[in-house]
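Note sheet for the following structure.
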Amino acid sequence: MDKIFNAIVSINDYVNGIVWGVPVLFLIGFVGIYYTIAFRGVQFTKFGTLIKETIANRKQNENENDSGQQKHLTSFQAAMTSISAVVGSGNIAGVATAVACGGPGALFWMILVALIGMATKYAEIILGVLYRHQNEDGTIEGGAMYYLADGLHQPWLGKAFSFLVIPFAFVISAVVDTNTIASTLDVRFSVPPIYTGLVLAVICGIIIFGGMKRIGQVCEWLAPLMGGAYILAGISVILFNLNQVPSAVVSIIRGAFNPAAITGGAVGSIFLCMKYGVARGMFSNEAGLGTTAMIHSSANVKHPVEQGMWGPVEVFFDTVVICSITALAIVMSGLWKTGEYEGAALTMHAFEKMLPGSIGGWICLGAIVLFGFSCLISCYTYAQRAATYLFGKKSIWVIKLLWLLFIVVGSVSTLGFAWDLADTFNGMMIIPNLIGLILLRKQVVKAHNEYWNGRKQG
């Protein structure tokens, strides 16, 4: 059995090396830079407008749904469900892994890719809404599989993408998020992981069997609560340790271009630092994966750009704000150098060290549980919609039961290989999605110009 597992690990490492090689990193950067230029830096020049309009869309869409379109999600519900999917273990355990393995400089590359990734996610949400389908029962579904199949007229590519989404969702959420929660509660309170898995399965079952509308309603209040609390905690860490912030920032910038100077040779190269920063950053914000377009496509909006505005806002708060908070706490604590802790435990002990008393550990513990739980209920929609696309609505019950089963299994699994496997599926999904974004660029830019020119003309 060990030989089989080792063989699988070796194969995954080989594939991982290919999908996260120089060509893919170049492709990620090229698409982000292209759309940043094509949109005239919309994520920077109109950032204030994006914040204002996404909040305004919440009220507008709530009023529209009150008029009878109950099978649609409001723009805000779709955005909060998407944020619940991306703000998860990647922001806590993923960032900790990136800093521990790639050095503090990994955060620099994480933020850099996020800044151009804001334009990428803006584009893929626009495409998701442009090519979405309305079902006979009035529900709406969309995502990368639809614009790859219909926009590019390549049905096989849409099916291939959907085929990758299913294991991706099960690995990154049902396994990784559950295991992160279960292992943290085990370390902190000696709660047997299997008990955590069973409780999470029951609660998630109550929510996901209520359908997409119930998932949206839960995420509508859960995402702002957990995100806001974590950001306040991060601001507290910075204020309590203000004198350490400048040296931490210097370590992050120097570590991006000369990792060995900061880590003492523990990190081998700039490429390794860059790889961990880019991979964990994309694991966190999912810009370029095409996954969150599956959720955003369900929003009740009149124009694709109205929902696309959530893309830059989502990436900014997920990576530039929340991931930076995690990384700063870890770098300032110095615990990343000791090798004593890893993953979520490293972040939790860093917060505990950087805040007075034990309040930091409790805040981080709450974030781990809430972030992970929000992913469990929202990432389920990825697997469901991919399965529906491939096998029809009869597959929904199978996916629901498998999801709950994997939550229980994930609670007692070994996490190290799961992270590597998640990176591999990430990379494999990125390639067809980014190719689709390149080939469908005219449709995206046309929709962008149409909307913003229309606003100028009143």
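The values are calculated or read from the model by the stated rules, or taken from the named source; none is laboratory data. This is a predicted model, so every value here is computed, not measured. Note: ideal-geometry Cβ built from the backbone for every residue, glycine included; neighbour counts use all protein chains shown.
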Answer from 107, 148, 127, 112 - the residue that is surrounded by fewer than 22 Cβ atoms within 10 Å (Cβ to Cβ) and either assigned to a helix (DSSP H, G or I) or not charged (D, E, K, R) (or both):
112
Can you find, within the stretch 436-458, the residue that is farthest from residue 281 (Cα to Cα) among those that are more than 20 Å from the chain's Cα centre (by Cα), in a helix (DSSP H, G or I) and of a type in the set (A, V, I, L, M)?
447
Please work out which residue is surrounded by the fewest Cβ atoms within 10 Å (Cβ to Cβ), limiting yourself to the stretch 292-327 and to residues that are modelled with pLDDT under 90 and under 22 Å from residue 441 (Cβ atoms).
301
Of the numbered conditions (1) more than 16 Å from residue 128 (Cβ to Cβ); (2) buried (at least 23 other Cβ atoms within 10 Å of the Cβ), residue 378 fails exactly one; give the number of that condition.
(1)
For the structure I just gave you, tell me whether residue 417 is among the aromatic types (Phe, Trp, Tyr) and over 30 Å from residue 210 (Cβ atoms).
yes
Quick one: in the stretch 123-163, of everything that is closer than 15 Å to residue 301 by Cα and of a type in the set (Ser, Thr, Tyr), which residue is modelled with the highest pLDDT?
131
Expected single match for farther than 24 Å from residue 421 by Cα and part of a helix (DSSP H, G or I) among 205, 138 is 205
Odd one out for residue 85 among (1) assigned to a helix (DSSP H, G or I); (2) crowded, with 24+ Cβ neighbours inside 10 Å; (3) modelled with pLDDT of 85 or more
(3)
Which of the residues spanning the stretch 241-253 are assigned to a helix (DSSP H, G or I) and either among the polar types (S, T, N, Q) or surrounded by fewer than 14 Cβ atoms within 10 Å (Cβ to Cβ) (or both)?
242, 243, 244, 246, 247, 250, 251
Mind counting the residues in the stretch 74-98 that are among the hydroxyl-bearing types (Ser, Thr, Tyr) and out of contact with any Cys (no Cβ under 9 Å at 6 or more places or on another chain)?
3
Matching residues, the stretch 11-43, being among the small types (Gly, Ala, Ser), in a helix (DSSP H, G or I) and at pLDDT below 85:
17
May I ask you to verify whether residue 401 is surrounded by fewer than 18 Cβ atoms within 10 Å (Cβ to Cβ) and among the aliphatic types (A, V, I, L, M)?
yes
